[in-house]
Every structure is written in C-alpha cells, then in structure tokens.
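What follows is one structure encoded as structure tokens, with my remarks underneath.
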Amino acid sequence: MSYVTDRQQLTSQVLQDGSKPALSAVIRGDQQDPATGKDMATSVGNLLPTDVTKAKQYWAKYLKETGKKNRDV
C-alpha cells in the first residue's frame, strides 16, 4: 500500500493543515544528525517513495503466490 500512497496529495488535498509529506519514520525537524547538524529526515532522504509500477508488480506476485484473482480479494 505504501507504494501507491501519494503523500504529497495526502497532505495538500486531504489533510490541508500545512503538514509535509512523510519521508521516513523520522519526522522532519525532529532530530538532527549529530555529525553534521542537519535535519535527519532530510539527510536520510525519501524512504517512502510512490511507485505504482512496483506496487503492481508486488500485487501480481501476491495474486500468483496465493492463487487468488482480483475479483477474489
């Protein structure tokens, strides 16, 4: 589910509270990298990318491994 979640759209269109899209489990501005003093979430980068192609590949693999069809789920 994570690969098909558009976090930018979620924050700007659904929440509409000025929040920023999550990049990882670390909240932006919450922790600093002790070595550089930079924001840890920004330094780590986006660990939660939207990738619909990869999501479809995982979904197809799930269906194949379980023997289910889209209509069964």
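The mean of 1/r over all distinct Cα pairs in the chain, once inverted, gives the Kirkwood hydrodynamic radius of 14.6 Å. Computed over protein heavy atoms with a 1.4 Å probe, the carbon and sulfur contribution to the accessible area of the chain reaches 53%. Other residues lying with their Cβ under 13 Å from the Cβ of LEU48 contribute a combined charge of +2, Lys and Arg counting +1, Asp and Glu -1. On full extension, the segment bounded by THR53 and TYR3 gains 17.1 nm, given 0.36 nm per residue less the C-alpha separation.
Computed over the chain, relative contact order equals 31 percent, with contacts defined as Cα pairs under 8 Å that lie 6+ residues apart.
Nearest 10 degrees, 0 to 90: what angle lies between the long axis of helix 52-66 and the longest principal axis of the chain (Cα atoms)? It is inclined by approximately 40 degrees.
Average accessible surface for the chain: 81 Å² per residue, computed with a 1.4 Å probe over protein heavy atoms with every protein chain in place.
The values are calculated or read from the model by the stated rules, or taken from the named source; none is laboratory data. The shown structure was predicted, so the numbers you read here are calculated from the model rather than taken from an experiment. FYI the Cβ positions are ideal-geometry reconstructions off the backbone, even for glycines, and counts take in every protein chain you see. These accessible areas exclude ligands, DNA and RNA; they are computed on the full protein's heavy atoms, side chains included. Shrake-Rupley method; radii C 1.70, N 1.55, O 1.52, S 1.80 Å.
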